[in-house]
Amino acid sequence: MNFKVLCSDLDGTLLSTKNDVSEFTISEINRIKENLRIILVSARMPKSMTYLQKRMGIQENPIICYNGALILEGDVEISSTIVSSENTNQLNTLCQPYGIKLGLYYKDEWCVNETSERVEKEILNTKAEPIFESTVQTLERWKKENVGPHKIMLMGTKTSMDQVTQKLTDSFSNIMNCYRSNDTLIEIAPKSVSKLSAIKTLLKPNESLNEVIAFGDNYNDIKMLKNVGLGVAVENARKEVKEIAKKVTLSNKENGVAQFIKDHL
């Protein structure tokens with residue numbers, strides 16, 4: 001298999017634990033990184049990705065953050081797409097009756113109303129610390145700075161998420177992508193971006209999508225896996241992801257990405 005670019009999701013895919021890569025993965029990345037550009041593609045914020053880049057020795061490569069809403073190469077911002085403050089306020093108003101809290105992300109800022117089990121879990125998993133302030137305060141502050149969120153995380157219960165899902169589609173499907181991360185979380189991203197669109201942005205003149213191999217596990221990976229030369233799902237991926245993938249490797253906890261690299265690249 002002749003590929004020029006390897007793109008991988010992090011959580012549930014490349015990471016064998018919640019916040020780190022295994023030594024096996026590091027050794028396999030080190031073996032191939034002179035021949036392939038290794039690009040991390042995630043819903044995470046930059047600082048929750050760069051420490052993993054350093055672990056693998058691939059800091060010179062760009063990263064795709066927030067499902068494609070922010071693309072960075074070192075300190076250089078290649079692309080940035082935000083949800084407007086106005087649309088975020090409308091989203092907040094829609095969610096309030098259901099008791100759904102918003103996590104707001106812009107570059108390396110992560111803002112939440114208050115701590116919770118979910119927030120503490122993210123602190124542990126992503127090595128990031130939030131700013132505690134109300135959603136309204138955050139949006140007022142960002143409006144003055146003429147910025148808005150790259151990503152919005154809706155946090156609630158399974159019941160509240162089930163109730164709000166159709167309303168999100170009805171009200172925001174033309175301006176936002178909504179990904180159900182699990183029963184209690186929905187990730188919101190600007191409509192115009194995706195992991196696939198970000199990969200296209202980063203392709204060099206001598207590279208094509210057919211020369212990209214990509215790994216993923218969740219709904220936000222489907223477009224990417226369907227459209228690259230070889231889309232590989234890990235065994236623990238959602239059923240819909242495995243159905244569209246060209247190959248399925250071992251689970252993330254079994255170092256599926258590293259094993260596939262060892263066997264095929």
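In this structure, is T126 surrounded by 19 or more Cβ atoms within 10 Å (Cβ to Cβ), within 16 Å of the chain's Cα centre (by Cα) and farther than 15 Å from T81 by Cα? Yes; evaluated as a whole, the condition is true for this residue. Condition (residue is under 30 Å from E117 (Cα atoms), among the aromatic types (F, W, Y) and modelled with pLDDT under 95) applied to the range 202-215: is it met by at least one residue? Taking every residue of the range 202-215 in turn, none turns out to be under 30 Å from E117 (Cα atoms), among the aromatic types (F, W, Y) and modelled with pLDDT under 95. Flag: G68 matches the condition of being in contact with a Pro (Cβ under 9 Å, 6 or more places away or on another chain) and either without any contact (Cβ under 8 Å) to a residue 60 or more places away in the chain or not hydrophobic (A, V, I, L, M, F, W, C) (or both). The test for being touching a helix residue (DSSP H, G or I) at 6+ places or on another chain (Cβ under 8 Å), modelled with pLDDT of 95 or more and of a type in the set (D, E, K, R) does not hold for E187. Exactly one residue among I78, I26 is in contact (Cβ under 8 Å) with a residue 24 or more places away in the chain, touching a strand residue (DSSP E or B) at 6+ places or on another chain (Cβ under 6 Å) and either open to solvent by less than 10 Å² (accessible area, probe 1.4 Å) or more than 22 Å from Y179 (Cβ to Cβ) (or both), and that residue is I78. If the condition is being crowded, with 18+ Cβ neighbours inside 10 Å and either more than 22 Å from the chain's Cα centre (by Cα) or within 17 Å of C65 (Cα to Cα) (or both), then the range 6-23 contributes L6, C7, S8, D9, L10, D11, G12, T13, L14, L15. The single condition from (1) open to solvent by 20 Å² or more (accessible area, probe 1.4 Å); (2) modelled with pLDDT of 95 or more that N87 fails is (2). Total residues in the range 91-116 satisfying the condition of being in contact (Cβ under 8 Å) with a residue 40 or more places away in the chain, over 18 Å from C65 (Cα atoms) and surrounded by fewer than 14 Cβ atoms within 10 Å (Cβ to Cβ): the figure is 1. Close Cβ contacts (under 7 Å, 6 or more residues apart or on different chains) running from residues in the range 136-161 that are among the charged types (D, E, K, R) to residues that are not in a helix (DSSP H, G or I) comprise K151/A43; K151/A69; K151/Y105; K151/E187; K151/I188; K151/A189; K158/D183; K158/T184.
The values are calculated or read from the model by the stated rules, or taken from the named source; none is laboratory data. Only a predicted model underlies this, so the values are computations on that prediction, with no experimental measurement involved. Cβ coordinates were reconstructed from backbone atoms using ideal geometry, including for glycine residues, and neighbour counts include every protein chain displayed. Side chains are part of the model used for accessible areas, which takes the heavy atoms of the whole protein and leaves out ligands, DNA and RNA. Shrake-Rupley method; radii C 1.70, N 1.55, O 1.52, S 1.80 Å.
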